[in-house]
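Notes for the one structure printed next.
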Amino acid sequence: MPPRQILELSSVTKTYGDGTATIAALRAVDLVVNAGEFVAVMGPSGSGKSSLLALAGGLDSATEGEIYVRGTPLGSITLAEKARLRRRAVGYVFQDYNLIPTLTAAENVSLPLELDGVKPARARRQAIDALRQVGIEDLAGRFLDELSGGQQQRVAIARAIVGEKALILADEPTGALDSVTGEEIMAVLRRRADAGAGVVLVMHEARHAGWADRVVFLRDGRVVDQAGAESDPQSLLADGAR
């Protein structure tokens, strides 16, 4: 049986601005992520990594090309349908966390489930389990101003993995974490991939690439190289810098 595609970018181009002020964030990018696959995306600042994630999660629209999530073409559905697809199928870890300060850690994690119709008691149980997976179950009742930056980042990761997400998109999810906790989070994401989710992770630290099945390197908005995790990602960085 062929692998099941969770995410496909087909000739995707994303530009900003008009005329001489036009900036191309992505240029004719092709990328497929299958169920159970962990893909790391690397590249220098400005290479298009965050733009790729935003497009894959339906948070932005492609200028050209098409993006499919579980076979659904994002360019052909309404904003409400995109929001529903994200709640049900896509977990997203933002660089700035994007949490709600008036909610507790558990409430931040359970909110997407409740918005999708899950009963509050069940949503809370799932939220507590997700917080347990990232090591902060004991902080479930804390508000954001009672949490460190690293703890808030783990709340954001818990929100991304809660429920049965088919696709997890993470933008530098270990940036505010110490090395030990960072490895623990990478193990959580690896387990989600092993359970059948597609995982796409933007990272700068080559040492984390070993958790991935494949490393995709971007430069100037283009995919310039791909390699299995057994390859040395530092060599990709060196090659991409030239």
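State whether the residues of the stretch 81-97 include one that is polar (S, T, N, Q) and free of Cβ contacts under 8 Å to residues at least 24 places away in the same chain.
At the first step, the residues of the stretch 81-97 found to be polar (S, T, N, Q) are 95.
Checking which are free of Cβ contacts under 8 Å to residues at least 24 places away in the same chain leaves us with none.
No, the stretch 81-97 contains no residue that is polar (S, T, N, Q) and free of Cβ contacts under 8 Å to residues at least 24 places away in the same chain.
In the stretch 1-44, of all residues being open to solvent by less than 50 Å² (accessible area, probe 1.4 Å) and charged (D, E, K, R), the one that is nearest to the chain's Cα centre (by Cα) corresponds to 37. Please verify whether the stretch 95-102 includes one or more residues that are under 29 Å from residue 186 (Cβ atoms), within 12 Å of the chain's Cα centre (by Cα) and of a type in the set (S, T, N, Q). Yes - at least one qualifying residue is present in the stretch 95-102. Inside the stretch 84-99, residues that are charged (D, E, K, R) and within 11 Å of residue 152 (Cα to Cα) make up a count of 1.
Take the residues in the stretch 107-121 that are open to solvent by 60 Å² or more (accessible area, probe 1.4 Å) and part of a helix (DSSP H, G or I), then tell me which one is modelled with the lowest pLDDT. Give the derivation first.
First, pick out the residues of the stretch 107-121 that are open to solvent by 60 Å² or more (accessible area, probe 1.4 Å): 107, 114-115, 117, 119-121.
Within this subset, residues satisfying the condition of being part of a helix (DSSP H, G or I) are 107, 114-115, 120-121.
Details: 107: 98, 114: 95, 115: 92, 120: 96, 121: 97.
Of everything passing the filter in the stretch 107-121, 115 is modelled with the lowest pLDDT.
Among the residues of the stretch 10-33, is any of a type in the set (Ser, Thr, Tyr), in contact with a Lys or Arg (Cβ under 8 Å, 6 or more places away or on another chain) and within 26 Å of residue 187 (Cα to Cα)? No, the conditions are met nowhere in the stretch 10-33. Is one or more of the residues making up the stretch 14-35 within 18 Å of residue 166 (Cβ to Cβ) and without any contact (Cβ under 8 Å) to a residue 24 or more places away in the chain? No, every residue in the stretch 14-35 fails to be within 18 Å of residue 166 (Cβ to Cβ) and without any contact (Cβ under 8 Å) to a residue 24 or more places away in the chain.
Applying the condition of being touching an Asp or Glu at 6+ places or on another chain (Cβ under 9 Å) and surrounded by fewer than 17 Cβ atoms within 10 Å (Cβ to Cβ) to the stretch 45-80 and asking which residue is nearest to residue 226 (Cα to Cα) yields 46.
Counting only residues that are over 15 Å from residue 7 (Cα atoms), in a helix (DSSP H, G or I) and not small (Gly, Ala, Ser), the stretch 68-87 holds 4 of them.
Taken as a whole, the stretch 137-159 holds at least one residue that is within 24 Å of residue 195 (Cβ to Cβ), over 20 Å from the mean Cα position of the chain (by Cα) and buried (at least 19 other Cβ atoms within 10 Å of the Cβ). Summed over the stretch 178-200, the residues that are part of a helix (DSSP H, G or I) and open to solvent by 50 Å² or more (accessible area, probe 1.4 Å) give a count of 6. Would you confirm whether or not the stretch 165-177 contains a residue that is open to solvent by 50 Å² or more (accessible area, probe 1.4 Å), within 23 Å of residue 107 (Cβ to Cβ) and either acidic (Asp, Glu) or assigned to a helix (DSSP H, G or I) (or both)? Among the residues of the stretch 165-177, not one is open to solvent by 50 Å² or more (accessible area, probe 1.4 Å), within 23 Å of residue 107 (Cβ to Cβ) and either acidic (Asp, Glu) or assigned to a helix (DSSP H, G or I) (or both), which makes the answer no.
The values are calculated or read from the model by the stated rules, or taken from the named source; none is laboratory data. Just so we're clear, the structure is a prediction, and the values are computed from it rather than from any experiment. With ideal geometry, Cβ positions are generated from the backbone for all residues, glycine too; neighbour counts draw on all protein chains shown. Please note that ligands, DNA and RNA were not included when accessible areas were found on the heavy atoms of the full protein model with its side chains. Shrake-Rupley method; radii C 1.70, N 1.55, O 1.52, S 1.80 Å.
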